[in-house]
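Each remark here refers to the structure printed beneath this line.
The values are calculated or read from the model by the stated rules, or taken from the named source; none is laboratory data. In this text, all values refer to a predicted model and were calculated from it rather than measured experimentally. Heads up, the Cβs are rebuilt from the backbone with ideal geometry, glycines too, and the neighbour counts pull from every protein chain shown. SASA here: full protein model, heavy atoms, side chains in, ligands and nucleic acids out. Shrake-Rupley method; radii C 1.70, N 1.55, O 1.52, S 1.80 Å.
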Amino acid sequence: MKLKLNDCIITSIEGGSVDVSPNCPTCWGGEEWVDYIEVEFAEGESVTYNEVSMTKFLDWIFTSIETGEILKITRRMFDEKMEELEEN
């Protein structure tokens, strides 16, 4: 899949959850999982956005595609939106 933004192309989007629990024998034994989204750009750069809900991300990206707004989004705007999603 290739997703054309205004000034770059996204070639891959992957996501899931990763265990970020402390890995030491004296630490609390519970598991702590956070969602992440990894985006690869055509330039070969890969960026991981941690603590981003896949549902919120997909809602935003599909709405942007549906409305045609995706073609106006620059890489900087994409990063800003991902930071916003990380905070929520």
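Within segment 43-75, being open to solvent by 50 Å² or more (accessible area, probe 1.4 Å), within 13 Å of I9 (Cα to Cα) and modelled with pLDDT of 90 or more holds for E45, S46, L71, K72. Pairing residues of segment 65-87 that are closer than 16 Å to Y36 by Cβ with residues that are part of a helix (DSSP H, G or I) and of a type outside the set (F, W, Y), at Cβ distances under 6 Å and at least 6 apart in sequence or on separate chains, gives L85/K56. One residue stands out in segment 24-36 among those that are open to solvent by 70 Å² or more (accessible area, probe 1.4 Å), under 27 Å from L85 (Cβ atoms) and not in a strand (DSSP E or B): the one that is modelled with the lowest pLDDT, namely E31. Return yes or no: is E40 at pLDDT below 95 and within 17 Å of K4 (Cα to Cα)? No; evaluated as a whole, the condition is false for this residue.
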